[in-house]
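One structure is given here, and the rest of the page talks about it.
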Amino acid sequence: MSEIARLSVEIDDVTPRVVRVVEVPADIRLDDLHFVLQIAIGWQNGHPFEFRIGDKLWGQPDRDAGIARTPAEQSTLRDILAAGDAFKYDYVLGEDWEHTVTLLSRAAAQPDTRYPNLVSAEGRCPPADIGGPIGYETYLRSIADANSVDHEDMLDFDAPDFDPHVVDIATLRKNLAELSRYIGRKPMVRHPEVRAQRASKDTAQALGPSPFEGRSAATSG
């Protein structure tokens, strides 16, 4: 591990802002970068994802939709940065959770730092299935108003005391540290649909439960 990329990741069109600054190896595979961003932000890894810059797409192949994406496990962050220093990361594609990822700097890896590394965090992660930024705005307005007709229903989406300004950075860092056991363990394959599934299963059995197992939205940060 020689070069580290410091990235700023912000959920688009969300108020208050949700921003994470992370440090990752510049040669991290994109499927691994997806997991880093999921944990750093506080998502639950339950939906499709996509990286894009210009007309270039990386993610999970979708033959049915006719979308030509380069498989994430066959590409690295360097492949994206070769096309530009800012790109998009989309999650739950149908609900429009879009993120802007910006390269802040590149530097040599520090011997006393474990990567991936969460540098800073601002704002709590929204509930993933709330309906994108528009649904999140409705959610925040409803939980703040006890007289709202949606108040009780909206409380079920997350913790009753949900505060969009408060982020549990210690838990996010702990979860990210656990993820480091998995980064880069799945072999890069050229025919992912069968061999990657087998490799992923073998890796999971060897390493034990992943950092996503047993996590709840209430503790996601």
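Normalised by the number of residues in the stretch 78-172, the average gap of Cα pairs under 8 Å and 6 or more apart makes the relative contact order 24 percent.
Residue separation of ALA109 and ASP161 scaled by 0.36 nm, minus their Cα-Cα distance, works out to 14.8 nm of gained length.
Surface exposure of the stretch 23-142, expressed per residue as accessible area with a 1.4 Å probe, stands at 42 Å². The packing ranking of peptides 127-135, 25-33, 150-158, highest mean first, is 25-33, 127-135, 150-158, where packing means the average number of other beta carbon atoms within 10 angstrom of each residue. P(r) for the stretch 1-96, from all Cα pairs and a bin width of 10 Å, is 15, 52, 30, 4 %, short bins first.
For the stretch 40-50, 3J(HN,Hα) computed residue by residue from phi via the Karplus equation (6.51, -1.76, 1.60; θ = phi - 60°) reads 4, 7, x, 5, 10, 6, x, 9, x, 9, 7 Hz, glycine and proline entered as x.
List the trypsin sites (Lys or Arg not before Pro) within the stretch 77-149 that DSSP assigns to loop and that have no more than 15 neighbouring Cβ atoms inside 10 Å. Please list the in-between numbers first.
Working: sites: ARG78, LYS88, ARG106, ARG114, ARG124, ARG141; in loops: ARG114, ARG124.
Here the trypsin sites (Lys or Arg not before Pro) that fit, given the DSSP loop and packing criteria, are ARG114.
When the alpha carbon gyration tensor of the stretch 32-167 is reduced to an equivalent ellipsoid, the three semi-axes, largest first, read 31, 21, 12 Å.
Taking the protein heavy atoms of the stretch 1-137 in the context of the full set of protein chains, the accessible area attributed to carbon and sulfur is 46 percent at 1.4 Å. In this simple spin-label model, placing a label point 7 Å from the Cα along the Cα-to-Cβ direction at both ASP129 and TYR182 gives a separation of 2.0 nm. The calculated FRET efficiency for ASP150 paired with ARG17, based on their beta-carbon distance and R0 = 22 Å, is about 0.35.
The values are calculated or read from the model by the stated rules, or taken from the named source; none is laboratory data. This structure is a prediction, so every number in the text was calculated from the model and none was measured. Reconstructed Cβ throughout: ideal geometry from the backbone, glycine too, with neighbour counts over all protein chains shown. For the accessible areas, the whole protein counts, side chains as well, though only heavy atoms, and no ligand, DNA or RNA atoms are used. Shrake-Rupley method; radii C 1.70, N 1.55, O 1.52, S 1.80 Å.
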